Amino acid sequence: MHVFSYGSLTDPGSLSRTLPEVDLAACVPAVCRDYARSFSVAFPNDGSETDKAYFDLRGGRPDVVLFCDIRPTPRQRVNGICLPLDEIALEALRRRELRYDLVDVTELTSAYPAAHAGLSGPVVTFIGKSRFTRPDDVARGMVSADYLETVEGGAAYWDQRYPGFADDYRATTVSPDPTRVVPLTRVYRVPSAEEV
C-alpha cells in the first residue's frame with residue numbers, strides 16, 4: 001500500500017527519522033483530488049496530551065500548536081508524496097499520528113505524470129480528527145518555525161527531482177499567518193502501546 005504524505009514526512013530527514021526503512025527512490029510524487037491543505041490540526045499544548053509539549057524561547061507554553069492537515073474540499077487538490085509501506089510500518093506511523101484518522105484516498109490519488117510510476121494497491125492518508133480541528137482552537141494556534149521549515153523543505157527537495165512540485169505546494173496550501181509562526185522547542189516522549 002501507499003500512504004499519501006503531504007506535510008513533514010515529505011522532507012527526507014523527517015522521513016528517515018520516522019520510517020528509516022522507506023527508500024526515497026520508491027516514493028511517488030502524487031496529487032490527491034478534492035482535498036485542500038492547511039495548518040489546521042490544533043494540538044492542545046496544555047499538558048493534556050502526554051506524548052509531547054512545545055515551549056517558546058522564554059520557556060512559555062503556547063496554548064495550541066498547529067500542524068498540517070488536509071480537509072475534504074470539492075474541486076481542490078493537494079500535492080504530496082506516496083510512501084510505500086507494509087502493515088508494520090503503517091502501524092508505526094499510526095502511533096506517531098495520534099491526532100489523525102486514517103482514510104482511504106485510492107480513487108482520488110494519482111501519480112505525477114513525470115514520475116513514470118503508477119500507484120498499485122490502496123492509497124491511504126491521515127486527516128485530522130474532529131476534536132483536533134475545531135475552528136476556535138485553530139484560530140488560537142501557533143506554528144513551530146522548525147516544523148514549517150521542514151514542510152517547506154520537503155517541497156523544495158521534491159522540486160529538485162520534479163520541477164514544479166514547490167509551485168504546486170504553494171498553490172495548494174493555505175499557509176499560516178507569519179505572525180503565528182514562532183520558534184518552538186519540542187519535548188517528545190513516545191507513547192507505549194497501551195496508551196495508543
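No lab work stands behind these numbers, since they all come straight from the coordinates. In this text the structure is predicted, and so the values were computed from the model without any measurement. Neighbour counts are summed over all protein chains in view; Cβ atoms, including those assigned to glycine, are modelled from backbone coordinates with ideal geometry.
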Original post:
How far apart, in nm, are the 7 Å Cα→Cβ label points at residue 170 and residue 17?
Top reply: 2.6 nm
**OP:** List, largest first, the extents of the alpha carbons of the chain along their principal axes, each in whole Å.
**Re:** 48, 38, 29
**OP:** Note down the magnitude of the dipole of the stretch 31-70 about its Cα centre, charges +1 on Lys and Arg C-beta and -1 on Asp and Glu C-beta and zero elsewhere, to the nearest 20 debye.
**Re:** 160 debye
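Provide the gained length on full extension for the span residue 73 to residue 49, in nm with one decimal, where the gain is 0.36 nm per separating residue minus the Cα-Cα distance.
5.8 nm
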Subject >> Separation of the residue 130 and residue 104 label points, Cα + 7 Å toward Cβ, nm >> reply: 2.1 nm
Original post:
Using a simple charge model, +1 on the beta-carbon of Lys and Arg, -1 on the beta-carbon of Asp and Glu, nothing else, what dipole does the stretch 32-184 show about its Cα centre, in debye to the nearest 20?
Top reply: 240 debye
Subject >> Value of relative contact order over the chain, rounded to a whole percent, pairs C-alpha under 8 Å and six or more apart >> reply: 34 percent
**OP:** At most 15 other Cβ atoms within 10 Å and a DSSP loop assignment: could you name the trypsin sites (Lys or Arg not before Pro) in the stretch 1-86 that fit?
**Re:** 58
**OP:** Report the relative contact order of the stretch 84-196, percent, no decimals, based on alpha-carbon pairs under 8 angstrom and at least 6 residues apart.
**Re:** 25 percent
Original post:
Counting each DSSP H run of 4 or more residues in the chain as -39500 (n - 2.57), what helix-only mean residue ellipticity at 222 nm follows after dividing by all residues, to the nearest 500 deg cm²/dmol?
Top reply: -6500 deg cm²/dmol
Original post:
Once phi is turned into ³J(HN,Hα) by the Karplus curve 6.51 cos²θ - 1.76 cosθ + 1.60 with θ = phi - 60°, what whole-Hz value does each residue of the stretch 24-30 show in order, with x for glycine and proline?
Top reply: 4, 5, 8, 7, 10, x, 8
**OP:** Amide H neighbours of residue 4 under 5 Å, at least 5 residues apart or on other chains, H built in the peptide plane: list them.
**Re:** 83, 124, 125
Subject >> Whole-Å distance, taken between Cα centres, linking the stretch 110-137 and the stretch 35-108 >> reply: 11 Å
**OP:** Putting +1 on Lys and Arg Cβ atoms and -1 on Asp and Glu Cβ atoms, find which of 165, 112, 36 reaches farthest to the positive end of the dipole of the stretch 2-184.
**Re:** 36
**OP:** Specify the angular offset, from 0 to 90 degrees and rounded to the nearest 10, of the alpha carbon long axis of helix 145-161 from the longest principal axis of the alpha carbons in the chain.
**Re:** 10 degrees
